[in-house]
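Q: After the structure tokens below, expect a handful of questions from me.
The values are calculated or read from the model by the stated rules, or taken from the named source; none is laboratory data. All figures in this text were calculated on a predicted structure; none of them were measured in a lab. Here the Cβ positions follow ideal geometry from the backbone for every residue, glycine too, while neighbour counts run over all protein chains shown. Note: accessible area is taken over every heavy atom of the protein model, side chains too, but ligands, DNA and RNA are not part of it. Shrake-Rupley method; radii C 1.70, N 1.55, O 1.52, S 1.80 Å.
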Amino acid sequence: MYRENAWKKYDEKEEKLVYDFAEGYKDFISVSKTERIAVKEAIKRLNAKGFKNAEEVKSVKPGDKVYFLNRNKNVCAFVVGKEKITSGLRILGAHIDSPRMDLKEHPIYEKNEFALGDTHYYGGIKKYQWVTIPLALHGVVCKKDGSTIEVNIGEDEKDPVVGISDLLIHLSADQLTKTAAKVIEGENLDVTLGNKPLKGEEKGAVKANVLKLLKEKYGFDEEDLVSAEIEVVPAGKARDYGLDRSMVAGYGHDDRSCAYTSLMALLEVNEPEFTSCCILVDKEEIGSVGATGAQSRFFENVIAKLLELAGEKDPLWGARLTMENSKMLSSDVSAGYDPLFPSVSDPNNAAYFAYGLVFNKYTGSRGKSGSNDANPEYYAWVRRVMDDAKVSWQNAELGKVDQGGGGTIAYILGNYNMNVIDAGIPVHNMHAPMEIVSKADLYEAYRGYIAFLTSK
Ligand code: MN
Ligand code: MN
């Protein structure tokens, strides 16, 4: 159902399904504040649906459900199809990292009797959006003895929160003459951690007190923070947005909204024709680099491992054939048309809230640079799948030509010579601490992803 408002097609029963689905999603993103937690939450749901860790499996046959875990930050799950695996997969790929601030390796310092945490921002952020809001700390501290300590401060209502200060309006005459990019500078995104000196300590007593508290609660020393991954993220749960509760406000819709809907779609698949796959990757916001990003060899390796488990004689060559024969939806969010900022979009090629799953034939910037630009033959096939399943869908570009742009993981998988197109959910306030999505779009994406995975 091309370019129609999805709310108009729902009867009372369907509308309830839409709202119920959003409740599950809110639970997921309220907890999944980092890629590690998102992976943990995904595995919890996979296990509950009978998926097995591939490390514990000796062979696979059609109908089997397995997943491969990569360094606790990247997971790839399969439902083995009736057709040979080498005849191609149906892949849903989404990223589970979101823009934020990371604590530096040597983060804690004291200034004017405040203990502060130095950060380095991750991904593209408008820095001024991240001050004067409650922030939480999530992550891991890895100690030399091989143990890993999990840190989670600021989500429980009884927990303290941290935050970044901004100048009071009364003294902002100079600050307000700066451009928005400079109003808050990256090096000033420092988190306030404390203001109470440790008794009996002369110099650096406030910092000493914070370190003492961390030692007591978590058992690590300042030096252990060198090998830590602590992310500073908006504190609090996702909420209904709008008086009609038609939307969800939350942190990390980009791209956990598509990760969740992709994962939930995979969980609904049983004995598909073609092997279904959902891969959740890390590091998209910084270029899909590294061992857990979409450019990692992890994905082709797990396909080879899956083929090995299926008894394939030449799993390496088989993995290449499999990739070439695969079809993929790169499940990533789109810029939702915002009535307050109409000038940046081409209204005929923009993504509208509640109009369903958004297909981007291409993303990129400055003349499609860096985009995947899907083949029209494949796009036509996808349109048929969506229309046959009566999924609401729309097409969009990321804003007007020459207005900016962005990328996704689509081109990376395209490099394996597979058919890929971007398909996701429209978002308002993308990369802000509070992003917005429509419940109807979440539901239509979920339905569209199921239709795709079970397509012939
Ligand atoms: Mn994204
Ligand atoms: Mn993004």
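Q: Between Glu201 and residues 5 or more places away or on another chain, which pairs have amide H atoms under 5 Å apart, with H built 1.01 Å from N, and which residues are they?
A: When sequence neighbours closer than 5 places are left aside, there are no close amide H contacts.
Q: What do you reckon, how do Lys158, Lys327 stack up by accessible area (1.4 Å probe), largest on top?
A: Most to least solvent-accessible, the answer reads Lys158, Lys327.
Q: With all protein chains present, calculate the accessible area of Cys76 using a 1.4 Å probe and round the result to the nearest 10 Å².
A: Result for Cys76: roughly 0 Å² accessible.
Q: So which trypsin sites (Lys or Arg not before Pro) in segment 266-313 are both in a DSSP loop and have at most 13 other Cβ atoms within 10 Å of their Cβ?
A: Filter output for segment 266-313: Arg297, Lys313.
Q: Further question on the same structure: For a quick check of understanding: with a 1.4 angstrom probe and all protein chains in place, what accessible area in square angstrom does Lys52 have, to the nearest ten?
A: 120 Å²
Q: Rounded to the nearest 20 debye, what is the charge dipole size of segment 100-234 about its Cα centre when +1 sits on each Lys and Arg Cβ and -1 on each Asp and Glu Cβ?
A: Once rounded to the nearest 20, the dipole reads 300 debye.
Q: Ranked from the most accessible area to the least, with a 1.4 Å probe and all protein chains present, what is the order of Lys144, Lys390?
A: Most to least solvent-accessible, the answer reads Lys144, Lys390.
Q: Stokes-Einstein at 4 °C, 1.567 mPa s, Kirkwood radius from Cα pairs: D for segment 72-173 in µm² s⁻¹?
A: 72 µm²/s
Q: Turning to a different aspect of this structure: So what's the back-of-envelope 222 nm ellipticity for the chain, counting only DSSP H runs of four-plus at -39500 (n - 2.57) apiece and dividing by all residues, rounded to 500?
A: Mean residue ellipticity, 222 nm, calculated: -8500 deg cm²/dmol.
Q: About its Cα centre, how strong a charge dipole does segment 51-151 have in debye, to the nearest 20, once Lys and Arg get +1 and Asp and Glu get -1 at the Cβ?
A: 600 debye
Q: Taking one equal scatterer on every alpha-carbon of segment 41-105, how large is log10 of I(q)/I(0) by Debye at q = 0.20, 0.23, 0.27 1/Å?
A: Taken in order of the listed q values, log10 I(q)/I(0) reads -0.90, -1.11, -1.34.
Q: Calculate the spin-label point distance for His120 paired with Asp174, positioning each point 7 Å from the Cα along the beta-carbon direction, and give it in nanometres.
A: Here the modelled spin labels are 2.9 nm apart.
Q: Given a 1.4 angstrom probe, I'd like the percentage of the accessible area of the chain that is carbon and sulfur, rounded to a whole number. Walk me through the numbers before you get to the answer.
A: Values: 10820 of 21460 Å².
Within the chain, the accessible surface is 50 percent carbon and sulfur.
Q: Output the pairs from Lys49/Lys237; Lys13/Lys439; Lys158/Lys217; Lys111/Lys199; Lys33/Lys368; Lys327/Lys361 with a Cα-Cα distance over 21 Å in this structure; if there are none, say none.
A: Lys49/Lys237; Lys33/Lys368
Q: Note the full-extension length gain between Leu316 and Lys390 as 0.36 nm times their separation in residues minus their Cα-Cα distance, in nm to one decimal. Don't skip to the end; give the middle numbers.
A: Working: separation 74, 0.36 × 74 = 26.64 nm, distance 3.82 nm.
22.8 nm is the gain from fully extending Leu316 to Lys390.
Q: Follow-up question, since we're still on this one. Go through segment 395-406 residue by residue and turn each phi into a ³J(HN,Hα) via Karplus (6.51, -1.76, 1.60, θ = phi - 60°); whole Hz please, and just put x for glycine and proline.
A: 10, 7, 10, 7, x, 5, 4, 6, 9, x, x, x
Q: Now a separate question. Calculate, for segment 232-386, the solvent-accessible area per residue in square angstrom, rolling a 1.4 angstrom probe over the heavy atoms of the protein chains.
A: Values: 6490 Å² over 155 residues.
With all protein chains present, segment 232-386 gives 42 Å² per residue.
Q: Which value, in Å² rounded to 10, gives the accessible area of Met434 with a 1.4 Å probe and all protein chains present?
A: Rounded to the nearest 10, that gives 90 Å².
Q: Of Tyr121, Ala208, Asn375, which is farthest along the charge dipole of the chain in the positive direction, counting Lys and Arg as +1 and Asp and Glu as -1 at C-beta?
A: Asn375
Q: Largest first, what is the accessible-area ranking of Thr275, Thr179 with a 1.4 Å probe?
A: Descending order: Thr179, Thr275.
Q: Quote the FRET efficiency, to the nearest 0.05, computed for Val226 versus Tyr379 with a Förster distance R0 of 35 Å and r equal to the Cβ-Cβ distance.
A: According to the calculation, E is roughly 0.15.
Q: Continuing with this model, one more query. Residues of segment 181-209 with the amide nitrogen closer than 19 Å to a label point 7 Å from the Cα of Lys215, along Cα-to-Cβ, please.
A: Within reach of a label on Lys215, which here means backbone N under 19 Å from a point 7 Å along Cα→Cβ, segment 181-209 contributes 193-209.
Q: Mind pulling up the Rg/Rh value for the chain? Radius of gyration and Kirkwood radius, both on Cα. Walk me through the intermediate numbers first.
A: Values: Rg = 22.9 Å, Rh = 23.1 Å.
Ratio of gyration radius to Kirkwood radius for the chain: 0.99.
Q: Per-residue HN-Hα couplings for segment 357-371, Karplus 6.51 cos²θ - 1.76 cosθ + 1.60 at θ = phi - 60°, whole Hz, x for Gly and Pro?
A: Coupling constants for segment 357-371: 4, 9, 9, 10, 4, 9, 10, x, 8, 6, x, 6, 4, x, 9 Hz.
Q: Still on this model: Roll a 1.4 Å probe over the protein chains and send me the accessible area per residue for segment 33-158 in Å².
A: Here the per-residue accessible area is 47 Å².
Q: Using every alpha carbon pair in segment 373-455, what percent of pairs falls into each 10 Å bin from 0 up to the bin containing the largest distance?
A: Percent of pairs per bin, in order: 15, 41, 37, 7.
Q: Can you list the residues, at least 5 places off or on another chain, whose amide H is less than 5 Å from the amide H of Lys52, using H built in the peptide plane?
A: Lys65, Val66, Tyr67
Q: Could you work out the equivalent-ellipsoid semi-axes for segment 100-234, taking the square root of 5 times each eigenvalue of the Cα gyration tensor, largest first, in whole Å?
A: 27, 18, 13
Q: Out of residues 5 or more away from Lys361 or on other chains, whose amide H comes under 5 Å of its own, with H placed 1.01 Å from N in the peptide plane?
A: Long-range HN contacts for Lys361: Ala396.
Q: Hey, another quick one. Taking the Cβ-Cβ separation of Glu185 and Glu113 as r and a Förster radius of 30 Å, what is the calculated FRET efficiency to the nearest 0.05? List each step's numbers first, then the result.
A: Details: r = 23 Å, r/R0 = 0.76.
Here the calculated transfer efficiency is 0.85.
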